[in-house]
Amino acid sequence: MRFAVVLALLAGCTQPRSKTCVDICARESDCINATKAEIPFDEKECVSACEVLRADQQNLAKVEQHKECVMKNASCSAVLECP
């Protein structure tokens, strides 16, 4: 019973992740791995940072522009250069 309560509390503490941020970070992670780039990258941290930016109306457009760049480029080197 305690386990169920703890699980319910933890589920309530986690924020749902937007598809936008998950997609961006997954693509970037794939490209970093594919190119064997020496870039320190943590996909979970990426999603968290993206969520913070999305929550700020001033940065929302930048996140959407970044997603467009990441998703339209077939070349991983181009993806890693997206602003």
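The values are calculated or read from the model by the stated rules, or taken from the named source; none is laboratory data. Fair warning: this is a prediction, and the values are worked out from it, not measured in the lab. Please note: Cβ atoms are built from the backbone with ideal geometry, for glycine as well, and neighbour counts cover all protein chains shown.
The rows are residues; the columns are (1) in a helix (DSSP H, G or I); (2) more than 21 Å from Ser75 (Cα to Cα).
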| position | (1), (2) |
| --- | --- |
| Cys25 | yes, no |
| Cys31 | yes, no |
| Pro40 | no, no |
| Ser48 | yes, yes |
| Gln65 | yes, no |
Item to check | Selected residue (criterion: farthest from Cys50 (Cα to Cα)) from residues of the stretch 70-80 that are surrounded by fewer than 17 Cβ atoms within 10 Å (Cβ to Cβ), hydrophobic (A, V, I, L, M, F, W, C) and over 14 Å from the mean Cα position of the chain (by Cα) | outcome: Ala74
Next on the checklist: Residue pairs, Cβ under 6 Å, 6 or more apart or interchain, first in the stretch 55-72 and free of Cβ contacts under 8 Å to residues at least 24 places away in the same chain, second surrounded by 13 or more Cβ atoms within 10 Å (Cβ to Cβ). List them.
Outcome noted: Asn59/Leu53; Leu60/Arg54; Cys69/Cys82
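Can you work out which of the residues in the stretch 1-40 that are among the basic types (Lys, Arg) and farther than 26 Å from Val63 by Cβ is modelled with the highest pLDDT?
Lys36
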Checklist entry - How many residues does the stretch 50-63 contain that are in a helix (DSSP H, G or I), over 13 Å from Cys25 (Cα atoms) and of a type outside the set (Gly, Ala, Ser)? => result 8
